[in-house]
1. Inspect all residues belonging to the stretch 202-214 and state whether any of them is under 18 Å from residue 115 (Cβ atoms) and part of a strand (DSSP E or B).
2. For residues that are modelled with pLDDT of 95 or more, over 60 Å from the mean Cα position of the chain (by Cα) and not hydrophobic (A, V, I, L, M, F, W, C), scanning just the stretch 42-73, find the one that is surrounded by the most Cβ atoms within 10 Å (Cβ to Cβ).
3. Being among the hydroxyl-bearing types (Ser, Thr, Tyr) and either over 15 Å from the mean Cα position of the chain (by Cα) or under 18 Å from residue 328 (Cβ atoms) (or both) is the requirement here; does residue 278 meet it?
4. Taking into account only those residues within the stretch 317-328 that are within 19 Å of the chain's Cα centre (by Cα) and polar (S, T, N, Q), which is nearest to residue 286 (Cα to Cα)?
5. Of the numbered conditions (1) closer than 25 Å to residue 460 by Cβ; (2) part of a loop (DSSP other than H, G, I, E, B); (3) not basic (Lys, Arg), residue 605 fails exactly one; give the number of that condition.
6. Consider residue 279 carefully, then state whether it is open to solvent by less than 30 Å² (accessible area, probe 1.4 Å), more than 21 Å from residue 356 (Cβ to Cβ) and part of a strand (DSSP E or B).
7. Taking the criterion of being hydroxyl-bearing (Ser, Thr, Tyr), over 25 Å from the mean Cα position of the chain (by Cα) and either at pLDDT 90 or above or open to solvent by 20 Å² or more (accessible area, probe 1.4 Å) (or both), would at least one residue in the stretch 215-231 satisfy it?
8. Condition first: out of contact with any strand residue (DSSP E or B) (no Cβ under 7 Å at 6 or more places or on another chain) and either part of a strand (DSSP E or B) or free of Cβ contacts under 8 Å to residues at least 60 places away in the same chain (or both). Now tell me which residues in the stretch 317-328 satisfy that.
Amino acid sequence: VTILADSLSEANESFTLALSNPTGGAIVATPSTTTVRIIDAIDTTAPTVTITAPASGANINEGAFVITGTAADNKGVQRVEYSLNGSAFTNATCNIATNGLSATWSVPSPPEPTPGSNSLSVRSFDTRNNPSALVTRNFNYVVQRPLMVSLSGPANSGTLTAPFPGTDSTKKVGYRYTISATARTGYVFNGWTANGVNGTGITPAMLANSSLTFTHQEGLEITANFIANPFVTAITGSYSGIVWPSSTQPVPNGSAPSHENTGHLTIAVTGTGSFTGTLKVDGLSLPVAGVFDNAGVARFGATKATSFTLMRASKPDLELSLQLDMNPLGSTEVTGTLVQRLRSLIKFVSVMSLSRHHYNGMSVKVSPVLAGTASQRYTLILPAMDDQLTAYFTPADFPQGTGYATGTLSTAGAMVIAGRLADHTVFSASSSLSKANQFAVFSTLYSLKGCIAGTMTVDPSLADSDLHTDGLLWFRPYQNTQWYRFGWDEGISVSCYGARYTPPPAALLPNLSAPDASLGNAGITFAAGLLPTSITRNVNLSSGMAKAPATDASFTTALTPSTGLFSGTFLHSDGTRPGYQGVLFQKTGVLAGGHGYFMSTQPRVIDYLGESGRMTLLAK
């Protein structure tokens, strides 16, 4: 072996060998030569690599994609590898310089990029297999494909935002677009339908929004649907109703009634389906807002969720769902559920049926049979609940008196009532009549810790009343008072009856005889309320109320003729003079007369034995 050149240095680590007349072989007429490189075992310098195409952030049209670059190393370049969009690294074609220290590289048949955003990664290796730093280049691959956007519905029912004219158009695949649909007057947007949605990011929930953002893909077809506005006058307006504990949910025993799950909801529905309202439950007033879709399902928030979470300070959240009857000739009701969870379990479910307020006082007025030509006055009574006396509920556990109230009904169907329950608690409620002439009664009591709730019907065709309900639910919490301190958290049922009231000169009661100075033409009877036996006192009713005889000092009485309310005091068997109060009930029938209550007098030292007694006034 003859070394023909020996000029080894940091810059030149190669020499040439010439082979001639090797021993044991044939004579070589012409010496054979080759170049040999010496690899330095301690080379730790990393090579470099660059990308010359594609340019950073370049928009590359379909079919024009090329990959090229350069590489260099202080000892020698061995190879270059590339990866497109995270794929496995593949060798590029390298053209290494004669000295081995630099190279140009390319990918003669590069893979097809993804339409839209792409990422190219490249690395080089030197002859000692040292890798370069990874070099990444992002670019956009522009692929144009048709995007079919169309409208469905009556002519001129809606429009689409530019650049979508509602016909075929060519758009960049992999790029994001936003399209909005706007209904014209008299119509509403009825959702999108879409075909070929793979890769577009379109979800079923998004199809309900009038504004749709998506990534274009080949074969995508989108249709904006419009229909005649279903929110007609017979559906829009105000709704209200009672929130009741469900008797069947959660299974198997339903939800036990309580102040916590009994309430009242009012909402107002606009001509676009949007609604606002207030839920009163568990002592709180919670705002509610959303929009009914064209099928009547309430949607909430930007995601158009079908349930709404009502946040409460220091109390578990509530979940509200609502459904509007979209048939103008149907029930005109909003039904729904209210759910409270206890960790993963359902603590209670309440249900509701909200009736639309039917009358407006102008084009739709309450029938004169109900309200007359002006606001009509009513008196209401809540009789003692003797049928609930059991071993569990004794006369000492709930009032034996009769609650009372006065009310007015306007020609617009607005009902307002106010009075006192038989435990001396003030209550009031206001609502409006439905098409079935029903209205909700709801009043929060006892510093927001109790309530009374139910639905009443106005029906003057009944024999004994003009208003009635058999089921007001009354909740009273524990209170450190003389009367009924344990209350009734579980609720007790209260009947309520009402009658139209006409003040004098009309007769105060039906079938009154002429006044009698000594015996009177009516008697007031006091019973229960710690009385061992009932007590009766005589009065005369004409344009007012007076004692008979006038010298009877055992009681007092006074009547307000304009409202039918009366009150006074009487001598109790225990020597005290408790006050009584009540209201006249003018409807001919078994309830005609006057009804009310009195509270036994509280002793100097509370003994918790107080009771509410019953007061009844009957014509002789």
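1. yes
2. Once the filter is applied, the top-ranked residue is 47.
3. Values: among the hydroxyl-bearing types (Ser, Thr, Tyr): yes; either over 15 Å from the mean Cα position of the chain (by Cα) or under 18 Å from residue 328 (Cβ atoms) (or both): no.
Here the answer is no, as residue 278 does not meet what is asked.
4. So the residue we want is 321.
5. Condition (1) is where residue 605 drops out.
6. On the way: open to solvent by less than 30 Å² (accessible area, probe 1.4 Å): yes; more than 21 Å from residue 356 (Cβ to Cβ): no; part of a strand (DSSP E or B): yes.
So residue 279 does not fit the description; no.
7. First, the residues of the stretch 215-231 that are hydroxyl-bearing (Ser, Thr, Tyr): 215, 223.
Keeping just the survivors that are over 25 Å from the mean Cα position of the chain (by Cα) gives 215, 223.
Narrowing further to those that are either at pLDDT 90 or above or open to solvent by 20 Å² or more (accessible area, probe 1.4 Å) (or both): 215, 223.
Yes: the stretch 215-231 contains one or more residues that are hydroxyl-bearing (Ser, Thr, Tyr), over 25 Å from the mean Cα position of the chain (by Cα) and either at pLDDT 90 or above or open to solvent by 20 Å² or more (accessible area, probe 1.4 Å) (or both).
8. Going through the stretch 317-328, the residues out of contact with any strand residue (DSSP E or B) (no Cβ under 7 Å at 6 or more places or on another chain) turn out to be 326-328.
Listed by number, the list holds a single entry, 327.
The values are calculated or read from the model by the stated rules, or taken from the named source; none is laboratory data. Computed from a predicted model, the values in this text were never measured in an experiment. Glycine gets a Cβ as well: all are built from the backbone with ideal geometry, and neighbour counts include every protein chain shown. These accessible areas exclude ligands, DNA and RNA; they are computed on the full protein's heavy atoms, side chains included. Shrake-Rupley method; radii C 1.70, N 1.55, O 1.52, S 1.80 Å.
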